[in-house]
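Report on one structure; see the data block that follows.
The values are calculated or read from the model by the stated rules, or taken from the named source; none is laboratory data. Quick caveat, the model's predicted, so the values are computed rather than measured. Cβ atoms come from the backbone with ideal geometry, glycine included; neighbour counts cover every protein chain shown. With ligands, DNA and RNA removed, areas are computed over all heavy atoms of the protein, side chains included. Shrake-Rupley method; radii C 1.70, N 1.55, O 1.52, S 1.80 Å.
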Amino acid sequence: MKALLVAVNAKYIHTSLSVRTLKAYANSDNVEMAEYTINERVEDILRSIFLKKADVVLFSCYIWNVEVCLDVADMLKKVSPETKIIFGGPEVSFDDTEYMQKYDFIDAIMRGEGEATFKEWLEIGEMADGITYRENGEIIRNKDRELIHVITSIPFPYTDEDIEKNSGKLIYYESSRGCPFRCSYCLSSTTHSVRFRDMDVVKEELMFFVRHNVRIVKFVDRTFNADRKRTCELVKFLIDNAKNTTFHFEVAADLINDELVELFKTAPEGLFQLEIGVQSTNDKTIKAIDRKTDFEMIKRAVKLVQKAGGVHMHLDLIVGLPFEDFNSFGKSFDDVFNLRPDVLQLGFLKLLRGTKIRSEEEKYGYRYNSKPPYEVLKNDFISYEDVLLLKGIEEVFERYYNSGVFKGAMEYLLEKYNSPFEMFKELWLFYDGNGYNKVGQSRNSLYEILSHFCDDELFCDILKLDYFTYNKGVNSPKWSLTKYDRSILKTRFDILTDEFIAENLSEYADIPTKETVKYLQFETFEYDVLSDCEKRRNIIIFDNKYNRRIRVCKDLKQ
């Protein structure tokens, strides 16, 4: 019997850990896997699966892909009735009977952790624990399967060939399962244990990624630093051994201790990325969702890590939690934004199957999309109108702050407002009011839009500085205070004297000037934006090879 494990990823750059661990645990020559994305045509996914001629096709289902999986499976059963179709994954594990009743093309569902269930199913079929299946028109639900207590028994799912094939993609890795916390909106709260992979095994597997120069390894551990001693040991190991790989962890900020901060001080820049779920700074909200966090402790930890330097930090907030109205969310936003994370993610609550908060929908007056991803529409504390406004704020925030290519302009604008939340709200109202949200906007057009938002000469020059800093080889924009003057093409050779190159561009000392200028862009500014922002016409060189800016001339003739 040939079994095909199917993953439908959210993006091309993603890879599926679930189908790889299932395949590795089964350890069978009769098991294959195939990966697609939600952006592919359903007909193309169907064609690919059909031509593989598998006897059983198993779909790994999540909120972002279950609709695609259902469409493909429905058509697959129509063109190949003899093919057995099995669903598994978090989206179908909690309401398995409901799914089976609603979709008659699903022959069975594997609930919960799938590795041992899949392996046993290959051996004895529907009698395996953790299986829901059909028999003589009835839906039979076998007893739940116990968790895999020793997760080191799950083989490492990656091979040399697999890693090489997926070069440049995001690679997922698991060193622990479960979470010590019981947040009411999270599926991790449904399992009441944290199980760790053997430390020596983890180190050996991480070295596999290092040797293959994997670009980013994202740990799927729900709380990477649940065990502080273990965390410090792994972080030190990576500092000592990692080279070109970035490691991304989800951590609890209030579990970050001084020892870990001291280790971060020795880490090369770009080695670590931390994702920290703050969710809200409203104490009543935090209590309602069963979190134990203290924002003052979070602030302290974030500031200490920032002071250590070199660690990219991503903080999260959730819209739609109990007792968090529009104004309360604005305060949470300001509290977290004022920590100046590298990225601040504004998420919208999803009422996931199996979570406590979904069972409390009437308690808090939740109304949400009945289809995946079950995103909140309104509740007793926040209206749909306010949710829409926050959606808009999130859109401009993603474009103008999280993109990281408007840094100077953002700092200038924020100084004009008492509240960062109010600034981004005003920006969205301007953006929406002028119809910019109705069509796709290029990065260049986003700069122009921002130039209209603030009618200020100095702001235009600061925005122009961002424009050339984060965009190589672009032309001078039409909204610039100073129009491009072709005479600068001749002036640049006068600037690049041997003395100037030796002082500012020593890397080019042995390169002919005609070659050097290929890497440099010369632009005129009305304000001295690299110094005191006084109105003083000057030239700035943008070195596109070494990513630096050099002010070379001041007090030019007007």
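Figures for the structure shown
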{"read-out": "For GLY137: the one exception among (1) touching a residue at least 12 places away in the same chain (Cβ under 8 Å); (2) on the phi > 0 side of the Ramachandran plot", "value": "(1)"}
{"read-out": "Residues of the stretch 458-500 satisfying the condition of being of a type in the set (D, E, K, R), under 29 Å from LYS416 (Cα atoms) and either surrounded by fewer than 11 Cβ atoms within 10 Å (Cβ to Cβ) or in contact with a Gly (Cβ under 7 Å, 6 or more places away or on another chain) (or both)", "value": "ASP466, LYS478, LYS483"}
{"read-out": "Filter result for ASP71 (in contact with a helix residue (DSSP H, G or I) (Cβ under 8 Å, 6 or more places away or on another chain), modelled with pLDDT of 95 or more, in a helix (DSSP H, G or I) and under 28 Å from LYS169 (Cα atoms))", "value": "yes"}
{"read-out": "Scan of the stretch 506-519 for residues that are part of a loop (DSSP other than H, G, I, E, B) and either at pLDDT 95 or above or touching a helix residue (DSSP H, G or I) at 6+ places or on another chain (Cβ under 7 Å) (or both), ordered by number", "value": "ALA509"}
{"read-out": "Criterion (open to solvent by less than 60 Å² (accessible area, probe 1.4 Å), of a type outside the set (Lys, Arg) and touching a residue at least 60 places away in the same chain (Cβ under 8 Å)) met by exactly one of VAL66, VAL57", "value": "VAL66"}
{"read-out": "Only listed residue being over 26 Å from ILE140 (Cα atoms), part of a loop (DSSP other than H, G, I, E, B) and among the aliphatic types (A, V, I, L, M), chosen from ILE45, ILE13, ILE49", "value": "ILE13"}
{"read-out": "Matching residues in the stretch 71-81 - criterion: being of a type outside the set (Gly, Ala, Ser) and surrounded by 21 or more Cβ atoms within 10 Å (Cβ to Cβ)", "value": "VAL72, LEU76"}
{"read-out": "Unique residue being modelled with pLDDT under 95, of a type in the set (A, V, I, L, M) and either surrounded by 19 or more Cβ atoms within 10 Å (Cβ to Cβ) or closer than 18 Å to GLU113 by Cα (or both) when the list is LEU238, LEU187, LEU206", "value": "LEU187"}
{"read-out": "Residue within the stretch 465-487 that is modelled with pLDDT of 95 or more, in contact with a Pro (Cβ under 8 Å, 6 or more places away or on another chain) and either basic (Lys, Arg) or under 24 Å from LEU388 (Cα atoms) (or both) present", "value": "no"}
{"read-out": "Residues that are aromatic (Phe, Trp, Tyr) and either open to solvent by 40 Å² or more (accessible area, probe 1.4 Å) or in contact (Cβ under 8 Å) with a residue 60 or more places away in the chain (or both), drawn from the stretch 87-118", "value": "PHE94, TYR103, PHE118"}
{"read-out": "Close pairs from the stretch 465-478: first in contact (Cβ under 8 Å) with a residue 40 or more places away in the chain, partner of a type in the set (Val, Ile, Thr), Cβ under 6 Å, at least 6 apart", "value": "LEU465/VAL529; TYR470/VAL405"}
{"read-out": "Residue satisfying all of: in the stretch 16-36; aliphatic (A, V, I, L, M) and in a helix (DSSP H, G or I); farthest from GLY168 (Cα to Cα) among these", "value": "ALA26"}
{"read-out": "Candidates VAL214, VAL202 - the one that is hydrophobic (A, V, I, L, M, F, W, C) and assigned to a loop (DSSP other than H, G, I, E, B)", "value": "VAL214"}
{"read-out": "Residues (open to solvent by 10 Å² or more (accessible area, probe 1.4 Å) and assigned to a strand (DSSP E or B)) located in the stretch 523-538", "value": "THR524, GLU526, TYR527, LYS535, ARG536, ARG537"}
